[in-house]
Amino acid sequence: QEMKLAQFQTQLAHLNPKSVLQRGYSITSNAEGKILRDSSQIDINDSVQITLAEGWAKAKVSDIGQ
């Protein structure tokens, strides 16, 4: 029982968004707070927020690629 609980805790830790950010990834969202998954969701000059493991930054889109 305890071993199974430990396995679930490990799996949850790996899926935790904060753990992903600690590995160097970031989460980018638009002005409405919607998480961006595709460059087609933004336009040049849009403002975006970038969430990092420690803190965040606002940025303006200057170029878009595929």
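The values are calculated or read from the model by the stated rules, or taken from the named source; none is laboratory data. Owing to the predicted nature of the structure, the values given are computational and were not obtained by experimental measurement. No Cβ is skipped: glycine too gets one built from the backbone with ideal geometry, and neighbour counts run over all protein chains shown.
Some notes on this structure:
- Residues in region 36-63 that are surrounded by 11 or more Cβ atoms within 10 Å (Cβ to Cβ), part of a helix (DSSP H, G or I) and among the hydroxyl-bearing types (S, T, Y): 1 in all.
- Unmet criterion (only one of (1) at pLDDT below 95; (2) within 19 Å of the chain's Cα centre (by Cα); (3) not aliphatic (A, V, I, L, M)) for K34: (1)
- Test: residue in region 11-28 that is charged (D, E, K, R) and modelled with pLDDT of 90 or more: no
- Contact map, region 23-35: first residue in a loop (DSSP other than H, G, I, E, B), second residue not polar (S, T, N, Q), Cβ cut-off under 7 Å, separation 6 or more or different chains; pairs are S26/I50; S26/L52; N30/L36; N30/I42; N30/D46; N30/V48.
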